[in-house]
1. If you take the beta carbon distance between ASP41 and LYS2 as r and set R0 to 22 Å, what does 1/(1 + (r/R0)^6) give as a FRET efficiency, to the nearest 0.05?
2. VAL77 to GLU49: extension gain in nm, 0.36 nm per residue of separation minus the Cα-Cα distance?
3. Which helices, taking whole DSSP H runs in the chain, have alpha carbons extending 27 angstrom or more along the helix axis plus mean Kyte-Doolittle at least -1.0?
4. Where in region 3-21 does the amide nitrogen come within less than 19 Å of the point 7 Å from the Cα of VAL215, taken along Cα to Cβ?
5. For each of ARG173, ARG24, count neighbouring Cβ atoms within 10 Å of the residue's Cβ, then give the residues from fewest to most.
6. Kindly put MET152, MET118 in sequence by how many other C-beta atoms sit within 10 Å of each C-beta, fewest to most.
7. With a Cα-only, solvent-free Debye model of the chain, what are the log10 I(q)/I(0) values at q = 0.13, 0.15, 0.17 Å⁻¹?
8. At 7 Å along Cα-to-Cβ for each site, give me the label-to-label distance between THR228 and GLU17 in nm.
Amino acid sequence: MKISVVIPCYNEKTTIEMIVKAIRAAPFELELIIVDDASTDGTTALLEEKISPLVDKIIYHPVNRGKGAALRSAFAVVTGEIVLVQDADLEYDPQDYSLLLEPILAGKADAVFGSRFMGGRPHRVVYFWHMVGNKFLTLFSNMCTNLNLTDMEACYKAVRTSILKTIELRENRFGFEPEITAKLARTKCRIYEVGISYSGRTYDEGKKVTWKDGVSAIYAIIKYNFLTP
């Protein structure tokens with residue numbers, strides 16, 4: 001079964017080559033699609049000059065539009081039967097693909113969420129308040145969707161392409177996570193969750209999510225569960 005790995009990328013010059021090589025080492029037939037969201041740190045040149053032979057397709061946004069918009073661009077051109085979202089940094093390890101994909105490959109699931117808060121996989125210890133915020137957003141999302149996820153905000157999500165193509169996604173930035181969660185729940189598809197490893201980075205190392213994204217996520221949870229079809 002062919003898996004399409006999609007990578008939204010913005011200013012990840014120091015990590016993008018390493019993550020691409022790690023993905024290529026995963027034991028699956030993978031289609032690899034990168035969306036460069038108008039990077040300004042030299043990422044674009046690196047993609048053009050060095051990384052393009054290692055991937056199947058690179059899409060270049062002329063202006064920065066956000067993670068959700070980058071993912072929509074990638075979803076529009078995938079050809080695999082499963083779509084897997086991978087961030088361009090090194091926080092998430094492609095060695096976990098086997099764990100993430102197993103429920104779908106076994107015919108048990110239509111979508112699988114990775115969780116940084118379950119299982120015995122290794123985790124870097126970083127920000128307490130980020131953990132609190134993530135758990136609050138997950139709890140609020142669960143109350144609205146009637147799911148029992150432990151980590152709605154985690155990057156790792158694998159979805160059958162046939163399911164994904166039935167969903168109209170609108171969020172341009174980090175509201176993508178609560179939006180796709182709400183809309184997957186609405187389809188009544190089979191959702192699984194698996195524990196994954198996590199090597200969180202600091203803001204000095206390039207972390208981009210802030211408290212403002214948390215506020216936007218609260219609005220997105222309300223919007224896509226109650227206000228928008």
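Each value in this text was obtained by applying a stated rule to the coordinates, not by laboratory testing. Remember, it's a predicted structure, so these values are computed and weren't measured experimentally. Positions of Cβ are backbone-derived with ideal geometry, glycine not excepted, and every protein chain shown enters the neighbour counts.
1. Efficiency for this residue pair is about 0.10.
2. The span from VAL77 to GLU49 would gain 7.8 nm if fully extended.
3. Membrane-span-like by this criterion, though nothing is claimed about a membrane: none.
4. Inside the label zone: nothing.
5. The fewest-first ordering by Cβ neighbours comes to ARG24, ARG173.
6. MET118, MET152
7. -0.73, -1.01, -1.36
8. Output for this residue pair reads 3.8 nm.
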